[in-house]
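Okay, structure first, notes after.
The values are calculated or read from the model by the stated rules, or taken from the named source; none is laboratory data. All values reported here derive from a predicted model rather than from experimental measurement. Reconstructed Cβ throughout: ideal geometry from the backbone, glycine too, with neighbour counts over all protein chains shown.
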Amino acid sequence: MAHFFQENVSPFRSIGEANFDPDTVEAMTLAFDQARGTLGLADKDDPLSEILAHRIVEIAKLGERDAKRICELALQASTGEYEFG
């Protein structure tokens with residue numbers, strides 16, 4: 001998996017074909033930080049952090065914009081409780 005992060009740069013501004021508005025990027029970043037904290041992932045370059053970020057992108061692509069809900073769904077996806085699509 002390619003490195004997804006750069007220091008002090010949101011990983012969610014433009015990913016592949018997806019371009020997100022600033023409010024969505026903020027919600028995704030907050031959800032990412034909350035989910036990483038819940039999972040105890042301190043290193044943004046950890047492969048699990050990258051998987052989590054990709055899950056958050058997929059959730060945002062589906063239209064979710066609430067940071068708390070994005071976080072919840074990403075965590076549920078990590079345990080198999082939520083499937084995309």
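Here are the numbers for the structure shown:
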item: Number of the exception - residue 27 against (1) more than 24 Å from residue 82 (Cα to Cα); (2) modelled with pLDDT of 85 or more; result: (1)
item: Candidate set from region 66-85 (those that are among the acidic types (Asp, Glu) and more than 12 Å from residue 31 (Cβ to Cβ)); member that is surrounded by the most Cβ atoms within 10 Å (Cβ to Cβ); result: 81
item: Some residue of region 55-65 being charged (D, E, K, R), within 11 Å of residue 27 (Cα to Cα) and touching a helix residue (DSSP H, G or I) at 6+ places or on another chain (Cβ under 8 Å); result: yes
